[in-house]
1. Can you give me the relative contact order of the chain as a percent, contacts being Cα pairs under 8 Å and 6 or more apart?
2. Just from its helices, what would the mean residue ellipticity at 222 nm be for the chain, if runs of 4 or more DSSP H residues each count -39500 (n - 2.57) and the sum is divided by every residue, rounded to the nearest 500 deg cm²/dmol?
3. What lysines could a cross-link reach from LYS87, if we take a straight Cα to Cα line under 20 Å and drop same-chain neighbours fewer than 8 places away?
4. List the trypsin sites (Lys or Arg not before Pro) within the chain that DSSP assigns to loop and that have no more than 16 neighbouring Cβ atoms inside 10 Å.
5. Please report the carbon-and-sulfur percent of the accessible area for the chain; probe 1.4 Å, protein heavy atoms only, DNA, RNA and ligands left out.
6. Skip the ligands, DNA and RNA, and give the accessible area per residue of the stretch 1-46 with a 1.4 Å probe, whole Å².
Amino acid sequence: MRHRYLIGPQVRKVRHRRGWTQDQLAGALQRAGLDLSRSAVAKVEARMTCVGDHELFFYMKVLRVNFADLYPPIDPHSPDLYDKWEKLMKSRF
């Protein structure tokens, strides 16, 4: 299976570091103004659904991270960028 969306694993890592459940993250997002359920958060973390560009700001605010923290650490200037991207897209997490 090819996983298309990139921020899910990073959201999960940050959430775990904060000691939050998916339900707690969903509640924090809701209080910030983004109406997402626990199952929607689970789908984001599983890379099954897209996070809209406007939604990224809510994740950044609630998780207290920067934009780059929500993406995998890939150097865009790497000569083997395509190979790294392909590997990432095929991996589950």
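The values are calculated or read from the model by the stated rules, or taken from the named source; none is laboratory data. Since the structure is predicted, the reported quantities are computational estimates derived from the model, not experimental observations. With ideal geometry, Cβ positions are generated from the backbone for all residues, glycine too; neighbour counts draw on all protein chains shown. Ligands, DNA and RNA are stripped out before the accessible areas are found, and what is left, the full protein with its side chains, is counted by its heavy atoms. Shrake-Rupley method; radii C 1.70, N 1.55, O 1.52, S 1.80 Å.
1. 40 percent
2. -16000 deg cm²/dmol, from helical runs alone.
3. Output for LYS87: LYS13.
4. Hits after loop and neighbour filter: ARG2, ARG4, ARG64, ARG92.
5. Reported share for carbon and sulfur atoms: 54 percent.
6. Per-residue value: 56 Å².
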